[in-house]
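Accompanying notes for the structure given below.
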Amino acid sequence: MNFETEIAELREKLDQANHQYYILDNPSLTDAEYDVAMRRLVALETEHPELITSDSPTQRVGAPLEGDFSTVDHLLPMLSLQDVRGDEELLGWEKRIRRHLHVGDDIVFEYVCEPKIDGLAMSLIYQNGKFVRGLTRGDGRRGEDITHNLRTIKAIPWQLRLKNAPSLFEARGEVFIGRRDFEKLNAQQESEGKSLYANPRNFGAGSVRQKDPKITASRPLTFFSYSLGAYEGLKFVTHWESLQTLHEAGFRVNFEKSRICHGIEEVGNFIKEWDIERQKVDYATDGVVVKINDLQLQNELGFVGRNPRWACAFKFAPEEVVTKIKNITVNVGRTGSLTPAAEFEPVEVAGTTVVAATLHNEDEMRRKDVKIGDYVIIRKAGEIIPEVVSVLKERRTGEEIDFIFPTECPRCQTLVVRPEGEAVYRCPNNACPARLERALEHFVARGAMNIDRIGEKLIKQFVAHGLVQDLADVFLITKEQLMNLERMAEKSAQNVMNSIEGAKKPTLARLLYALGIRYVGANTSELIADKFGTLDAVRTATLEEISGIHDVGPIAGNSVRAWLDDAENQKILDKMLAAGLAPQESEQHETDERFVGKSFVFTGALSLDRRAAEAMVKRLGGRAAGSVSKKTDFVIIGENAGSKADKAREIGVTILSEDEFLEMIRQQK
Ligand code: IVH
């Protein structure tokens, strides 16, 4: 097969895989297969940069925005919905519809009920089937142009999958992050001693308004479409039909949790069901959107002010409850961080029973002035993690007890330390059983070693029975030892053994991540693995080499080097290798001395995608940087290059045009 055909086929394959995964929720390729195809495509495109097109799946991430977001008029205003609370207001809303249309109770309306996703409203414009612009809601009349960021979201198609692409097609919907992803991110922030994101909505808002699309791309955002905006050349009779077309066009539409209801009574039933159901789904919702299905009727109903008459948002009562704190306990994390938690009498919040809420850290507890015995207001933050909102001080009796933050680890009694400038106390004992349990949970997790037959319960047993004293011991467990554990039959023991055996060949990046080194998340692990290729090379790398990797930096670099220098850790790694652990080498790149160690900065509008250009540089041993300094070796300028080009001239850095750069790539040795 010639490479042009292969490139076309790979693009088709990856596009289809994206659609299956992100839109249909029905993956057609395994992660590994997807990875192989993507790597092959990057390799081919690096060799044949002239064949890179802006719609190749390798080009999701473009150049950072220079200057401010521009604001653009919406084709049709983005309105808001009238809120209704309780059955009475819902009936009142329908009554106004009847009055406006001059119809009596004998006419039964058809409604579409949809979950109201608590995310960020977006307008996505497609011209002749191509995604050309994405806007935030803004003030409803004009929004901010964040196309460069929305292009990185995999649930947003670049090309409509409709046969005869309409000249104009505007999809509207909500960008959001799933609850589980959000919790994972915050857990990671916490374990790295960083501040927590307040709620999924703020996190989403921050993510789509980044100047650098790389940051947006690194965040697990997704998109549900809930209506069409402006369009040409299409005809629909009902809203439901337009949703079907949106889905056919390649968008995620929440059909699974939406329904056509006949009459307001059915709407009421849907709302009651959804009030329970919404606790179980992976996104935060704050109500139900009820829409008249018939578009002709919608048209007749029109608007009152900024709200359509034909739709409303049924809002659930914000769930806050009062309860009494029975006790305050302290949990120990993987890095030894001590997190206080309030335990209270079981209470129902937003449909689930909660018995505890995090108090984050000592400073946070002081700020809220929480004592044992206090009555407090509990809320499910963003309807997700229960948190203590405030103390009802007027209900104090004087018998409340101050909580003294422990000076010893509650699990191993080692004196705790609070490093300067940090908000958390830590247990410094590397052998602390609580830390070991958390470290093991991280080690076996998906995305790390992926030993899926080992879960929290088994880990507790391993630690309690002394079967595992460090991460490496996981590989030394025998079937006999497993079968001696409570409730472990031969078959399950064999399954666990197979699962461990199957995890012995992780990628280097996953192994590095699994070790749980502070400040080393999945991304940093990838960068380090890519740079050094083998575990041996990482182990012998100098601090400068590690810290020098673009986007790794001194904090993570120091942490890695210190971890590797620790004699205990060295023993653990050797023990793992002796037990048969064989991390796969990361693909080693050909290098070219004109590129090795050299720093490249791309600026201005390039016809080549910035990420592809950066990938080429990296493949040949160079580094791509974001800003121009004395350390920069080459600046590649596109059209309208601004301050970076000026600076390059000023300090005398070599400036190349895009063509000159490509020439340099083609002359690869
Ligand atoms: S339809 C006329 N459907 O709720 C407005 N909106 O206050 C038509 N939202 O900013 C909006 N889920 O971003 C509609 N299934 C859904 C929705 C939804 C969430 C948001 C939307 C808008 C706000 C309305």
For this session: Among the residues of the range 619-666, count how many are open to solvent by 30 Å² or more (accessible area, probe 1.4 Å), at pLDDT below 80 and either among the basic types (Lys, Arg) or closer than 30 Å to Ile528 by Cβ (or both).
Result: 2
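This table checks each residue for (1) under 16 Å from Trp158 (Cα atoms); (2) surrounded by fewer than 13 Cβ atoms within 10 Å (Cβ to Cβ).
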position	(1), (2)
Leu14	yes, no
Ala17	yes, no
Asp25	no, yes
Asp35	no, yes
Val42	no, no
Seminar exercise, completed: Residues in the range 309-348 that are closer than 30 Å to Phe270 by Cβ, open to solvent by less than 70 Å² (accessible area, probe 1.4 Å) and touching a Ser or Thr at 6+ places or on another chain (Cβ under 9 Å) total 3
Seminar exercise, completed: Per the filter on the range 594-618, residues under 19 Å from Ser547 (Cα atoms), touching an Asp or Glu at 6+ places or on another chain (Cβ under 7 Å) and either in a loop (DSSP other than H, G, I, E, B) or open to solvent by 10 Å² or more (accessible area, probe 1.4 Å) (or both) are Lys598
For this session: Enumerate the pairs (first residue in the range 657-668 and assigned to a helix (DSSP H, G or I); second residue anywhere and exposed (fewer than 14 other Cβ atoms within 10 Å of the Cβ)) with beta-carbon separation below 8 Å, excluding pairs fewer than 6 apart on the same chain, so at least 6 apart or on different chains.
Result: Glu658/Ser607; Leu662/Glu50
Exercise. Can you tell me which residue in the range 51-85 is farthest from the ligand (Cβ to nearest atom), limited to those that are open to solvent by 40 Å² or more (accessible area, probe 1.4 Å) and of a type in the set (A, V, I, L, M, F, W, C)?
Worked result: Leu51
Problem set entry | Candidate set: the range 602-619, residues that are among the hydrophobic types (A, V, I, L, M, F, W, C) and in contact (Cβ under 8 Å) with a residue 24 or more places away in the chain; chosen: the one nearest to Ile665 (Cα to Cα) | Met616
Seminar exercise, completed: Here the qualifying pairs (Cβ atoms under 6 Å; residues six or more apart or on different chains; first in the range 78-104 and without any contact (Cβ under 8 Å) to a residue 60 or more places away in the chain and at negative phi; second more than 16 Å from the ligand (Cβ to nearest atom) and open to solvent by 50 Å² or more (accessible area, probe 1.4 Å)) come out as none
Problem set entry | Top-ranked residue of the range 297-307 - restricted to ones that are closer than 17 Å to Trp240 by Cα and open to solvent by less than 50 Å² (accessible area, probe 1.4 Å), ranked as farthest from the ligand (Cβ to nearest atom) | Leu297
Exercise. Say we look at the range 282-296 and pick out the residues that are away from the ligand (no atom under 13 Å from the Cβ) and of a type outside the set (S, T, N, Q); which of these is modelled with the lowest pLDDT?
Worked result: Asp282
For this session: Can you confirm whether the range 273-290 contains a residue that is within 23 Å of Gly140 (Cα to Cα) and open to solvent by 20 Å² or more (accessible area, probe 1.4 Å)?
Result: yes
Exercise. Considering only residues of the range 102-126 that are more than 16 Å from the ligand (Cβ to nearest atom) and surrounded by 15 or more Cβ atoms within 10 Å (Cβ to Cβ), which is farthest from Phe314 (Cα to Cα)?
Worked result: Tyr126
Seminar exercise, completed: Being open to solvent by 20 Å² or more (accessible area, probe 1.4 Å), more than 16 Å from the ligand (Cβ to nearest atom) and in a helix (DSSP H, G or I) narrows Arg99, Arg161, Arg133 down to just Arg99
Problem set entry | Test: Gly173 is among the small types (Gly, Ala, Ser), closer than 25 Å to Asn293 by Cα, modelled with pLDDT under 95 and within 16 Å of the ligand (Cβ to nearest atom) | no
For this session: Can you tell me which residue among Glu256, Glu343, Glu364, Glu348 is out of contact with any helix residue (DSSP H, G or I) (no Cβ under 6 Å at 6 or more places or on another chain) and either among the aromatic types (Phe, Trp, Tyr) or within 16 Å of the ligand (Cβ to nearest atom) (or both)?
Result: Glu256
For this session: Report the residue count in the range 192-228 for those that are open to solvent by less than 40 Å² (accessible area, probe 1.4 Å), within 16 Å of the ligand (Cβ to nearest atom) and more than 25 Å from Leu160 (Cα to Cα).
Result: 2
Exercise. Could you give every pair whose Cβ atoms fall below 9 Å, whose first residue belongs to the range 336-349 and is within 12 Å of Val388 (Cα to Cα), and whose second residue is of a type in the set (Gly, Ala, Ser) and surrounded by 15 or more Cβ atoms within 10 Å (Cβ to Cβ), counting only separations of at least 6 or pairs across chains?
Worked result: Ala341/Ala356; Ala341/Ala357; Ala342/Ala356; Ala342/Ala357; Glu343/Ala356; Glu343/Ala357; Phe344/Ala356; Phe344/Ala357
For this session: Scan the range 375-386 and give yes if some residue there is open to solvent by 30 Å² or more (accessible area, probe 1.4 Å) and free of Cβ contacts under 8 Å to residues at least 40 places away in the same chain, otherwise no.
Result: no
For this session: Name the helices (runs of 4 or more DSSP H) wholly inside the range 532-575 in which the number of residues that are open to solvent by 70 Å² or more (accessible area, probe 1.4 Å) is 3 or more.
Result: 553-565
For this session: Determine, yes or no, whether Gly143 is of a type in the set (Gly, Ala, Ser), surrounded by 20 or more Cβ atoms within 10 Å (Cβ to Cβ) and within 12 Å of the ligand (Cβ to nearest atom).
Result: yes
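The values are calculated or read from the model by the stated rules, or taken from the named source; none is laboratory data. Just so we're clear, the structure is a prediction, and the values are computed from it rather than from any experiment. Glycine also receives a Cβ, built like all others from the backbone with ideal geometry; neighbour counts cover every protein chain displayed. Heads up: the accessible areas ignore ligands, DNA and RNA and are worked out on the full protein's heavy atoms, side chains in. Shrake-Rupley method; radii C 1.70, N 1.55, O 1.52, S 1.80 Å.
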